[in-house]
Structure formats: structure tokens, C-alpha cells
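Worksheet for the structure shown next.
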Amino acid sequence: MADILLLNGPNLHALGQREPGIYGDQALPAIVQNLQRTASQAGHSILPFQSNHEGALLDRLYQAQQDQVPWVIINPGALGHTSIALRDAFLATALPFIEVHLSNIYRRESYRRKSLLADMASGVIIGLGPLGYGLALEAICQRLQATGKGATGTGS
Ligand code: DQA
């Protein structure tokens with residue numbers, strides 16, 4: 001049994017209403033609910049946290065480190081392109097994570113075509129819409145299983 005932190009950055013609370021042609025029509029609570037269902041089938045649980053504030057995301061990450069949360073899924077929103085503070089927090093906590101972007105940031109404006117997190121991520125999933133979160137979760141479940149922390153593993 002493991003808790004997986006799901007971090008969503010600025011403007012992602014507005015999924016479903018926000019530029020649906022780019023981000024789709026699924027709202028964040030529905031996405032979280034689906035992930036929660038998949039996670040619980042694997043014996044895990046999702047800890048969802050969305051904030052429009054950089055510092056709140058950092059604080060939540062440090063909290064996760066204290067709580068020994070084993071994995072993070074993050075869609076950093078625009079902060080992924082700009083926030084050295086968020087990068088530093090991942091360096092400081094050394095929490096393994098998968099970065100997700102709903103849209104294909106490489107097909108968009110040039111300022112979106114870089115991530116300050118990607119080189120530290122275990123994996124990056126881009127351009128697949130909400131499915132990206134599900135794939136990230138699946139990858140994490142497999143890794144937890146492999147390290148004995150999965151539902152049927154021998155770890156805690
Ligand atoms: C995003 C891409 C970012 O460029 C943008 O600022 C977002 C959402 C995505 O999921 O595609 O807020 O992270």
C-alpha cells in the first residue's frame with residue numbers, strides 16, 4: 001500500500017472549462033476520481049493537491065518527503081517552464097516523479113518547449129490528455145510492485 005502524491009499546478013483547477021480544444025473537457029475532480037479508482041485496484045491511494053501558488057506546491061512536496069511518500073505525479077502547468085524554485089524542491093527532496101502535460105508542449109509556443117523538471121523526472125508523458133496521468137500511475141504501480149512496495153509485494 002502506497003500513497004502517490006498527485007500535484008497539479010496553476011490553472012489546472014480549471015480543466016474542463018479552460019481552452020477545451022487544447023486541454024479537453026474533463027474536469028480535474030473527474031480525472032482524480034478515475035486515478036483514485038485505478039490506484040485502489042492496485043492497493044494504492046492518490047493524494048491529490050492542486051494549487052495556483054508556487055509556494056504551496058513546494059510546501060506540499062516537502063510534506064510528502066517528511067511523510068515518506070514514495071512517488072509523485074506532477075503536472076506543473078506553466079511552472080514547469082519557469083520555476084527554478086520547483087526544480088530546486090525536487091532536487092532537495094529527491095522524490096521520484098513522473099511529469100505529465102496534457103498538451104503536446106513541443107507543438108505549441110516556443111516558451112512552452114522546455115521543461116525545467118524533465119531531466120530529473122523518471123519519465124515524462126506529454127500530449128496524451130488525461131490518459132497521461134493514468135499511464136504515469138500505471139508505471140508507478142509497476143515500479144512499486146518491482147520494489148516490493150506493491151499491493152501484493154512483501155514490503156509495507
Ligand atoms: C500544461 C502545459 C503548460 O504549458 C500550460 O501552462 C498548462 C498546462 C499541460 O498540461 O499541457 O497549464 O502543463
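Taking region 73-126 as the range and being of a type in the set (Val, Ile, Thr) and more than 17 Å from Leu61 (Cβ to Cβ) as the test, the residues that pass are Ile105, Val124, Ile125, Ile126. Take Leu86 and tell me if it is within 14 Å of the chain's Cα centre (by Cα), surrounded by 14 or more Cβ atoms within 10 Å (Cβ to Cβ), farther than 17 Å from Tyr133 by Cβ and within 16 Å of the ligand (Cβ to nearest atom). Criteria met by Leu86.
If you go through region 97-144 and keep only what is touching a residue at least 40 places away in the same chain (Cβ under 8 Å) and open to solvent by 60 Å² or more (accessible area, probe 1.4 Å), you end up with Glu138, Arg143.
Restricting Ala94, Ala64 to those that are open to solvent by less than 10 Å² (accessible area, probe 1.4 Å) and away from the ligand (no atom under 16 Å from the Cβ) reduces the list to Ala64. Looking across region 33-82, the residues that are among the β-branched types (Val, Ile, Thr), in contact (Cβ under 8 Å) with a residue 40 or more places away in the chain and outside any loop (DSSP other than H, G, I, E, B) come down to Thr38, Ile46, Val72, Ile73, Ile74. One residue stands out in region 10-25 among those that are in a loop (DSSP other than H, G, I, E, B) and away from the ligand (no atom under 12 Å from the Cβ): the one that is surrounded by the fewest Cβ atoms within 10 Å (Cβ to Cβ), namely Gln17.
The values are calculated or read from the model by the stated rules, or taken from the named source; none is laboratory data. Because the structure is predicted, anything quoted here is derived from the model rather than measured. Neighbour counts run over all protein chains shown; Cβ positions are idealised from the backbone, glycine included. Quick note on the areas: whole protein, heavy atoms, side chains included, nothing else; ligands and nucleic acids left out. Shrake-Rupley method; radii C 1.70, N 1.55, O 1.52, S 1.80 Å.
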